[in-house]
Every structure is written in C-alpha cells, then in structure tokens.
1. If I go through region 80-112 residue by residue, how many of them are open to solvent by 60 Å² or more (accessible area, probe 1.4 Å) and either on the phi > 0 side of the Ramachandran plot or without any contact (Cβ under 8 Å) to a residue 60 or more places away in the chain (or both)?
2. I'm trying to understand the selection: among the residues of region 16-65, which are touching a residue at least 60 places away in the same chain (Cβ under 8 Å), of a type in the set (A, V, I, L, M, F, W, C) and either touching a Phe, Trp or Tyr at 6+ places or on another chain (Cβ under 7 Å) or closer than 16 Å to residue 99 by Cα (or both)?
3. Does residue 55 count as modelled with pLDDT of 95 or more and aliphatic (A, V, I, L, M)?
4. Considering only region 88-122, state which residues are aromatic (Phe, Trp, Tyr) and part of a strand (DSSP E or B).
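The values are calculated or read from the model by the stated rules, or taken from the named source; none is laboratory data. Quick caveat, the model's predicted, so the values are computed rather than measured. Here the Cβ positions follow ideal geometry from the backbone for every residue, glycine too, while neighbour counts run over all protein chains shown. These area figures cover heavy atoms from the full protein model, side chains too; ligands, DNA and RNA do not enter into them. Shrake-Rupley method; radii C 1.70, N 1.55, O 1.52, S 1.80 Å.
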Amino acid sequence: QVDLVESGGGLVQAGGSLRLSCAASGRIFSYNAMGWFRQAPGKEREFVAAISRSAGVTSYADSVKGRFTISSDNAKNTVYLRMNSLKPEDTAVYYCAVGPSVYGFGHNAAYWGQGTQVTVSS
C-alpha cells in the first residue's frame, strides 16, 4: 500500500507557473517510478510525466515537453512537477501516481493520489 498526497494546485493566468508536489508514504520502496497524470472535464485521464527514482530518467507527454519539468527528492519520497508557460488547455485535475518503471508508466501506474486542481485562465 502506498499513500500519495498532492499539493500546489491553484488558479493561475495563462503564461504563469505553478509547482505541484506529491509526498509518498508506505511501501514506496516497491516502486521505482513516480509521476503525474491529468484529467480535464469531459476527457480521459492522460499521462503527463514520470521519473525513475533510481536513475532520474524522465519521460514527458509531447504536449508538455519544454514547459514542464519533473523532479524528485528520494530522501523525502516526494516528486515535483514544475509547470511553466501554462495554457488554458492545461486546466485539469492533476494526479500523482507510482509504478514499477518509467517505461510504460502510462499503463502500469499502481497507486494514485486524490488529485489537485489546476486552473489556467486566459
């Protein structure tokens, strides 16, 4: 069992920045990857970014490459998502997740947080 608690969401104007945090507790050592998904109203949940806890390998969705940066602090079991140049289409609930690997993270995430709302106004 892994518990994930997200924070850092909010309302921001287009072009602005936010940093999301996700703190993990429990059997986090069983999983080598942490990452983020998002779900916009009326749309399916989609992969955003993931990072391997052991090697720092990262993976991003094409829609956020160059704007979002994922990082982690293994000592704190925490993953971050720095979001720059935000667009209205980035508006969604952002969910933290853990999984066995960065590769295929979009399909093999095992545990999820409750989500944090990000709203980007135009």
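1. Final tally of qualifying residues: 4.
2. Hits for region 16-65 are 20, 22, 24, 28, 33, 34, 36, 37.
3. On the way: modelled with pLDDT of 95 or more: no; aliphatic (A, V, I, L, M): yes.
No: the conditions fail for residue 55.
4. As a first pass, look at region 88-122 and keep what is aromatic (Phe, Trp, Tyr): 94-95, 103, 105, 111-112.
Listed by number, the residues that qualify are 94, 95, 111, 112.
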